[in-house]
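Presented below is the structure to which this report refers.
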Amino acid sequence: MFAGSTPITLYLAASLIGFATGTAISILLLILTVRAAKLRGETAAAFLFVTCCLTWNLSGLTHSIALTWGAPEQGRTALISLACQFTAAATWPLTVISLWKPLAASRWQRIRCVLLQVLAAVAGSVIVIGFWRGVLTDANSGSLYLLKESTPYNGAILLTLGIVIFRDRLVSQTMWLPSLAMLGGAFGATAATLSQQMLPFDPVVSDLLRAFSEQITLLIVLGAFFLFARFRFSDLFIRHSLRILLAALTAVALMLAYHSLSLLRFEGRLVDRQAAQACLEVLMAVPLLFVFTLVDRRIGECVNSWVFHAPNYRTLLRELMEQLTHLRTETEIIDAVETTARQSLDLRSAQLVALEKLASLEEVSATGMLKSNLPKLAWMDAVSDGELVELDRNDPYHARNDVELLVPVRSEGRVSHVIAVSPGLARRGLVTHEVDYLRSVAAQLGHRLDTLRTEERMVAVRSRESVLQQQVTEAELRALRAQVNPHFLFNSLNSIANLVMTNPEQAETMTLRLARVFRHVLANSARPLIALHEEIAFLETYLQIEEARFGSRLQVSIVVDPAVALEPIPSLILQPIVENALKHGLGPKPGPGRLWISAEADGNQVRLRVEDDGVGPENGATILNGGLGQSTGVGLENVARRLSALYQDHGRMTMEVRQAGGTRVTIMLPREKGAAA
């Protein structure tokens, strides 16, 4: 190039494609670096590295455009652009070593790194000063050619020494693969330059090697992209860079198709060379565009799986949804979400924080270290509006809690919490698909919290309804019991009044028994249910009162199955039935009468039965399931209503005529369900 040869069309075409691609990728990397400046890291070294990449590609593009437009190769424009290009190439090893410097763990590594930085600075200064001196003083092209060819050797040697120093730190796949890519770019340029110098290649092949030695530096740019990107949009930038690179490769393939006739020595055999070139271009363009479409669709998946090792987020979200569905407390739900987010993304911390707690930061006392940042946090309004916030490293909340990202959680129509995410020092920055996953997790959390609160409100409403229903039932039962007591008292006092004149001693005994009965009634007035044996004991006392009136005419038989003696039954449920049997069945009957009272188990029910051999109902009326037929008196109607209030459809009373004469009343109650009622 410095020997006076004219530019080769093939070399210029490859250079234009390569440097245009490198410039586009470098601009993307510059945007990434500017956006990532708020994150932790050697931002000064990163900016310098990106500047070197952009300067190399932009200067190379300028140089190629100048030659394409006919500028002389030894002209001022071409030489200055070339000087800028190789100034960047001589400086970039120093920037790479500076980016690696934070990896130094031991004292000897830090010392070696400093020495290597000094060596890189000295070598780069010699190349840069010599190049610019030659350009500005119009030195002979031989010295410039020597400095130009020494640049790839300088980069390869320094990069190799850097990898040797940090070999124990570049152990993870995310570290050594980009490092190998950068090393491959440096050694590829060196090998191409050495081959071009040492081997007698055809001019076309020589120009291809020359273009390759300049464009292989794209590997250095891409390696740095993967190694130093700490920005949550880095996956998008990588995808776009790979698309740009894929487009560049397609352009190179089309360019080779255009020059294939020259490369394969077919010119002398063709009648129309331009028609043959057009035919080859079409034949190459169609399959290349088809392949480009297929590969472009796979780029995003490949970047996520190969570069970022992304899990199947759809499966993770489905599993989280199923897990949250079975949790019933807010604490359990929050713990599940925090654990899932932390483990699935390998985060140091993912903590749910109430928005009120974040707002309290604005009220911190001005005596603290955050005085200059108070009383207003710049991102509070954005969080309240539901925006995802990436915290600056100088932010007070980031400084105190090492939180880099706040993901809002919307519940009940407003932002109630945020997921405070801290990736940790050992982890790369969060990328787009990971942030989208966190958004989905926050949405699921907000939805589950809404559902939980709705369930709690429904439970509270049902509980209030149950309490109100219980209060209504108890009031109804108290009213029904209040009907029984005066009715029973009135009948008993009438019996005592009849005995006062005829048998005073018996009247006195009956009065004492009546007092004992009402003592029992008062003691159990607040209890809707009592044990069966207590009800039978009360009934025996009551019958002793009635025996004073009936005398020897009344014969009573009481049989209770011990298995049901402790079963809860409604208090005073048998007394009205017994009273009805005595008054309407045995009372009008001449001669002796029998009364049978029994209690026994019938499957999962308790059967209570009162029978008499009296005259029976006049019309054979039957009471079924608590419904009353003809009027049977206050007592039986009261019993039917109480059963309906306590058991709804689970308790019933029937009254029937016995074949041998008299009446049989049967009450069926659920076993061990009376207490719940």
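The values are calculated or read from the model by the stated rules, or taken from the named source; none is laboratory data. This one's a predicted model, so the numbers in the text were calculated from it and none came from an experiment. Positions of Cβ are generated from backbone atoms using ideal geometry, with glycine treated the same way; all protein chains shown enter the neighbour counts. Heads up: the accessible areas ignore ligands, DNA and RNA and are worked out on the full protein's heavy atoms, side chains in. Shrake-Rupley method; radii C 1.70, N 1.55, O 1.52, S 1.80 Å.
On the stretch given as segment 96-105, residues that are buried (at least 17 other Cβ atoms within 10 Å of the Cβ) and either free of Cβ contacts under 8 Å to residues at least 24 places away in the same chain or not hydrophobic (A, V, I, L, M, F, W, C) (or both) total 2. Going through segment 72-95 one residue at a time, which ones are without any contact (Cβ under 8 Å) to a residue 24 or more places away in the chain and either open to solvent by less than 30 Å² (accessible area, probe 1.4 Å) or part of a helix (DSSP H, G or I) (or both)? Answer for segment 72-95, where residues must be without any contact (Cβ under 8 Å) to a residue 24 or more places away in the chain and either open to solvent by less than 30 Å² (accessible area, probe 1.4 Å) or part of a helix (DSSP H, G or I) (or both): 75, 76, 77, 78, 81.
Of all residues in segment 42-71, those that are touching a residue at least 12 places away in the same chain (Cβ under 8 Å), over 16 Å from residue 94 (Cβ atoms) and part of a loop (DSSP other than H, G, I, E, B) total 0. When 567, 579, 600 are checked against the criterion of being touching a strand residue (DSSP E or B) at 6+ places or on another chain (Cβ under 8 Å), among the acidic types (Asp, Glu) and closer than 24 Å to residue 517 by Cα, a single residue qualifies: 567.
If you go through segment 106-159 and keep only what is open to solvent by 40 Å² or more (accessible area, probe 1.4 Å) and of a type in the set (D, E, K, R), you end up with 107, 110, 112, 133, 138. Restricting 29, 54, 48, 16 to those that are modelled with pLDDT of 80 or more and under 30 Å from residue 422 (Cβ atoms) reduces the list to 48. Taken together, the residues in segment 330-349 that are closer than 22 Å to residue 455 by Cβ and touching a residue at least 12 places away in the same chain (Cβ under 8 Å) amount to 7.
Apart from one condition, residue 527 fits all of (1) open to solvent by 20 Å² or more (accessible area, probe 1.4 Å); (2) outside any loop (DSSP other than H, G, I, E, B); the exception is (2).
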